[in-house]
Amino acid sequence: MLPTRSLGTTGPAVSALGLGCMGMSALYGEADRAESIATIHAALEAGVTLLDTGDFYGMGHNELLIAEALRTAPADRREQALTSVKFGALRTVEGGFTGYDGRPAAVKNFAAYSLQRLGTDHIDVYRIARVDPDVPIEETVGAIAELVEAGHVRHIGLSEVGADTLRRAAAVAPIADLQIEYSLISRGIEEKILPTARELGIGVTAYGVLSRGLISGHFTRDRALAADDFRGMSPRFQGENLHRNLDLVDRLRAVAEAKGVSVAQTAIAWALAQGDDIVPLVGARTRTRLAEALGALDVTLDAADLAAIEDAVPAGAAAGERYPAAQMAHLDSEH
């Protein structure tokens with residue numbers, strides 16, 4: 001079994017790495033359904049307990065995929081799985097995003113549909129994907145708290161919120177964790193958000209630890225992206241930004257090779273080393289990538305290793321923003 005970490009002081013114990021399932025349904029081009037399910041099964045078999053999804057990933061497709069994977073997994077593995085679900089994103093038929101809805105009635109409506117698609121009577125951690133600017137966070141969190149009281153949700157989470165919003169939410173109800181992007185090239189949370197989370201006893205589930213594959217060691221300068229691959233619109237994957245960022249990866253590769261591990265394992269191990277209250281989510285879509293990611297748990301980084309990694313990829317060295325401007329505007333964590 002894998003080592004475990006707690007989601008804050010009020011949340012559950014989970015595997016030290018969680019599986020982010022988004023890419024199995026959306027935003028990174030076409031995925032292989034059979035391989036996706038096999039990857040979820042392999043993760044459960046290896047001891048992964050945290051499965052992260054969103055009701056808007058493929059407009060429900062991802063939740064249905066997870067439900068199928070759990071339904072076809074051995075009973076003991078099925079019981080170990082904890083679901084972390086994001087809600088609130090509003091979509092168009094064409095797949096566009098039109099905002100977020102955090103009204104209490106909408107929260108409960110989203111939850112009802114997720115419970116049905118997942119084929120379960122409860123969601124382990126439930127969180128709005130982005131703060132609805134028209135609804136006070138107190139109202140959104142209060143609605144999730146009512147779902148907790150009714151037994152439909154076990155724990156309350158947040159996603160991409162700033163320190164002030166984190167405090168306001170925590171004053172309403174216990175918050176298990178904050179899901180937010182955190183990696184070698186996305187370290188903005190270190191100044192205010194991470195210290196606030198630690199002060200409040202809130203854990204961090206870190207997504208994007210490989211920056212959508214950018215610092216995985218597998219992304220090449222000449223890689224062609226599918227038309228429906230989000231990275232084609234991501235500033236960090238554009239033009240000169242891509243070349244500058246892959247130069248950083250080349251520097252990281254030298255450190256990884258000296259250590260005898262892969263680039264991806266080095267980047268994941270760095271995230272793991274930032275604190276026992278941080279649970280990285282790895283977005284593996286295949287069993288091969290999953291096995292590589294899990295290998296990071298066997299990597300020990302001493303002070304010299306960490307110094308070498310941060311010398312190779314200094315804080316703030318990334319070229320380009322995390323998201324296109326229109327999506328950055330939705331990030332409470334960036335305001």
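Straight Cα distances below 27 angstrom link Lys86 to the lysines Lys108, Lys192, with same-chain residues fewer than 8 positions distant left out.
The slack between Ala105 and Asp134, meaning 0.36 nm per residue of separation minus the straight C-alpha distance, is 9.0 nm.
With 5 Å bins beginning at zero, the pair-distance distribution over Cα atoms of the stretch 225-279 amounts to 4, 18, 16, 16, 20, 18, 7, 1 %. Summary of the geometry: the stretch 181-222 and the stretch 282-335, compared by the centres of their Cα atoms, lie 5 Å apart.
Which of the GluC sites (Glu not before Pro) found in the stretch 1-62 are in a DSSP loop and have at most 12 neighbouring Cβ atoms, other than their own, within 10 Å? Don't skip to the end; give the middle numbers.
Values: sites: Glu30, Glu35, Glu45; in loops: Glu30.
Counting only loop positions with at most 12 other Cβ atoms within 10 Å, the GluC sites (Glu not before Pro) in the stretch 1-62 are Glu30.
Think of a 1.4 Å ball rolled over the protein heavy atoms: the chain then has 41 Å² of accessible area per residue. Among the DSSP helices (H) of the chain, those spanning at least 18 angstrom by Cα along their long axis with an average Kyte-Doolittle hydropathy of 0.5 or more are 137-150; this is a geometric and hydropathy rule only. Using modelled amide H (1.01 Å from N, peptide plane; none on Pro or chain starts), what sits under 5 Å from the amide H of Leu50, excluding residues fewer than 5 places away? Amide H neighbours of Leu50, under 5 Å, 5+ apart: Ser15, Leu19, Leu82.
Leaving out ligands, DNA and RNA, what percent of the accessible area of the stretch 236-335 is carbon and sulfur, probe 1.4 Å? If you can, show how the numbers build up before the last one.
Details: 2210 of 4560 Å².
The computed percentage sits at 48.
Once you list every other residue whose beta carbon is under 14 Å from the beta carbon of Ala170, what net charge do they have if Lys and Arg are +1 and Asp and Glu are -1?
Numbers: positive: Arg127, Arg167, Arg168, Arg198; negative: Glu138, Asp164, Asp177, Glu199.
With Lys, Arg at +1 and Asp, Glu at -1, the neighbours total 0.
In the complete set of protein chains, residue-level accessible area for Tyr57 is approximately 20 Å², probe 1.4 angstrom. Across the stretch 239-275, the residues whose backbone nitrogen lies under 17 Å from the label position 7 Å along the beta-carbon direction of Ala304 are 254-261.
When DSSP beta bridges are limited to those with both residues in the chain, what percentage is antiparallel, rounded to the nearest 5? Counting only bridges with both partners in the chain, antiparallel ones make up about 20 percent.
Per DSSP H run of at least 4 residues, take -39500 (n - 2.57); add these up for the chain, divide by its residues and hand me the 222 nm value, nearest 500 deg cm²/dmol. Before the final figure, lay out each step's value.
Numbers: 12 runs with 129 residues, N = 335.
The per-residue figure over the chain is -11500 deg cm²/dmol.
Run through the stretch 57-128 and list the GluC sites (Glu not before Pro) located in a DSSP loop whose Cβ has at most 10 other Cβ atoms within 10 Å. The qualifying sites are Glu94.
The stretch 21-62 and the stretch 237-272 have their alpha-carbon centroids 25 Å apart.
Net charge near Arg244: determine it from the other residues with C-beta under 12 Å of the C-beta of Arg244, scoring Lys and Arg +1 and Asp and Glu -1. It would help to have the intermediate numbers written out before the result.
Working: positive: Arg221, Arg236, Arg251; negative: Glu240, Asp247, Asp250.
Charge balance near Arg244 sits at 0.
Ordered by packing density, taken as the mean number of other Cβ atoms within 10 Å over each peptide's residues, highest first, how do 254-267, 9-22 rank?
9-22, 254-267
If R0 is taken as 45 Å, the Cβ-Cβ distance between Arg167 and Ala34 corresponds to a FRET efficiency of 0.50.
For the chain, a Kirkwood radius taken over Cα pairs fed into Stokes-Einstein (37 °C, viscosity 0.692 mPa s) yields D = 165 µm²/s. Taking the protein heavy atoms of the stretch 46-195 in the context of the full set of protein chains, the accessible area attributed to carbon and sulfur is 52 percent at 1.4 Å.
The values are calculated or read from the model by the stated rules, or taken from the named source; none is laboratory data. Model, not experiment: these values are computed from the prediction. Here Cβ is always computed from backbone atoms with ideal geometry, including for glycine, and neighbour counts include all displayed protein chains. The protein model used for the area step is the full one, side chains on, heavy atoms only, and it has no ligands, DNA or RNA in it. Shrake-Rupley method; radii C 1.70, N 1.55, O 1.52, S 1.80 Å.
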